Amino acid sequence: MRNNFENNSAMLKSAEPLLDSADSLSGNQDFQTLEQLNYRAKQHKLQRKSREKIEENEHKKVELDLEKEMCFTEISNENELNKFLENNYPNNINAKKISHNYFQRQNELGLSVSVEVIENYIKSQTEDNNELSAEDQIKNYKEELTKQGKSQSEILQLLIAEFEGNESISVWVENWKSYLKLYHLAESKPLAEKTAIFSIINKADFTSETAFSTSLVEISQSADISNETKLEISREFNGANVFSVDDMNYTLKEVKNHKEKIENAISTKSCEKSSLDLEIDTLEDELEKLPLDDPKRKELEAEINQKKEALEQTENEINQLEKEKPKDISFQLREGFSAKLNPDGSRSIKILAKDFAIKLPSNFLPLTTTKNLRAINLSFPYLALKNQNIADYIFSPNLDNNSVPSKSQRDIGHLIISTLGFDDKRILSEENIKQLNKDLSKLTLGVGRGQENLIELEIYDISSQSIDKTRLAEVLKVVREGRDLEDTLVFEKIKNIQTKG
């Protein structure tokens, strides 16, 4: 190629004398074009090198990012593990517990932990854990929290957070909430009492429905806990964890025993008071008979003063016991409702706001019968409907104060509670009752009042003066399914089932 270029140059030089001025101009133009081509070639070369440099830098950047990503797949410390968990398992206590235990064991063996391996391990352990019974899961979790040095308060808080959504163990969760409240109550007590209460909480079986009731009994029998604290705990908790008729009856017996103990103590103190009164009178009579200058007077006066101080102390103790003595054998079953043992041996549920009592049908042991349970649960919808002025139309014939509800009345209560999805095999909880009140308030969404609303909803037939149970169940089903809807939408849905009917 170089030879061709030199030959062409020589030929151009030999032809130069033969060219006229026009041809010379044309030759100059050809030469300038060659220079431009060389310039462009240089520019192209520079641009190519620049692109190659950019591509090289980009390639290095990609390699660096890949290297960083490869590094992240290896978790080398607790901080990296926590970041991984926050990104992939936020608020998952179980996954955090599993991964930290696994990471610690691998580190002790000198083994590395990759993201892929730990994800697979969490998945496998979670699947295995799901196969465990709720009881085993709770016991394992509590044991793990104890090993981590968590306090009783922290353990209870974490248990509630982890299992609160599990409806099958809702009674256990309610127990844990009560234990947590008891724990905080104990913190303000003297050291001996606090230690005794903490010990009772620590040994409690958190997977037993009767655990908290059992703990309350242990507290009532503890010699390390004062009567004042026992009374405070009794007032605070009796009833909160009562979910069966037998539980209710057991608590009533505890209240009865507590009352009898106080009455016995009052009787004993009253005897002491009478004895002191007699002794003081005797000593004062003896003092009056002594001459004013008799040296025995000082001894008698000192003894009389001592007896009077003891008398004053005894009277104060009697007054305090009278304050502690329950007026009747009852306790707060739920907010606004109390369970009561009547003098004739019958049991009743008193609706405090209405001064209205519903008696249980049976007083024979065992008390856990369907009719007794339904009589108790009847009181909750009865009050809700009474507040809306429609109870007397729903429960026909009307419920009478301090009487046993009829089977038909108990059946209506069961229809309402079961259709709204509540478990009628146990006494409704505070949360159940609150939701029940919200649900039943939908029965008065219409423009009328009381009876007019029930007629509008086609629940009450004015001609027969009775309710249509099928229609009531249909309306309550719509209410249950529309709990997350606005009232106006719920009412529209109710009207739709009326139209279809």
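Bear in mind these aren't lab numbers, they're just calculated from the coordinates by the rules spelled out. All values derive from a computational prediction rather than experimental measurement. Cβ: placed from backbone, ideal geometry, glycine included. Neighbour counts: every protein chain shown.
Data overview
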{"item": "Average projection area in nm² (convex hull over Cα atoms of segment 245-327, one quarter of hull surface)", "result": "5.9 nm²"}
{"item": "Inter-label distance for Ile160 and Asn87, nm, one decimal - labels placed 7 Å from Cα along Cα-to-Cβ", "result": "3.4 nm"}
{"item": "R0 of 35 Å, Cβ-Cβ distance Ala473-Lys139: FRET efficiency to nearest 0.05", "result": "0.25"}
{"item": "Segment Thr214-Glu78, length gained on full extension (0.36 nm per residue, minus Cα span)", "result": "44.8 nm"}
{"item": "Neighbourhood charge, 12 Å Cβ-Cβ cut-off, centred on Arg480 and excluding it, Lys, Arg +1 and Asp, Glu -1", "result": "+1"}
{"item": "Alpha-carbon Rg/Rh ratio, for segment 294-416, with Rh computed the Kirkwood way", "result": "1.40"}
{"item": "Additional length obtainable on full extension of the chain from Lys253 to Leu485, 0.36 nm per residue less Cα span", "result": "79.1 nm"}
{"item": "Asp281-Gln221 FRET efficiency (beta carbon distance; Förster radius 51 Å; 0.05 resolution)", "result": "0.80"}
{"item": "Label-to-label distance, nm, for residues given as Phe364 and Glu492 (7 Å Cα→Cβ offset)", "result": "5.5 nm"}
{"item": "Among Thr444, Leu472, Ser429 the positive-end extreme of the charge dipole of segment 428-489 (Cβ point charges)", "result": "Ser429"}
{"item": "Summed side-chain charge close to Gln221 - residues other than Gln221 whose Cβ falls under 12 Å, Lys, Arg +1, Asp, Glu -1", "result": "-1"}
{"item": "Normalised contact order of segment 193-350, rounded percent, pairs of Cα under 8 Å and 6 or more residues apart", "result": "24 percent"}
{"item": "Rounded FRET efficiency, nearest 0.05, which uses the C-beta distance separating Glu52 from Lys434 and R0 of 51 Å", "result": "0.10"}
{"item": "Ser199 versus Gln451: modelled label distance in nm, points set 7 Å from Cα along the beta carbon direction", "result": "6.5 nm"}
{"item": "Most to least packed among 203-211, 407-415 [average Cβ atoms within 10 Å]", "result": "407-415, 203-211"}
{"item": "Rg/Rg_ref, segment 217-369, where Rg_ref = 2.2 N^0.38 Å and atoms are Cα", "result": "1.55"}
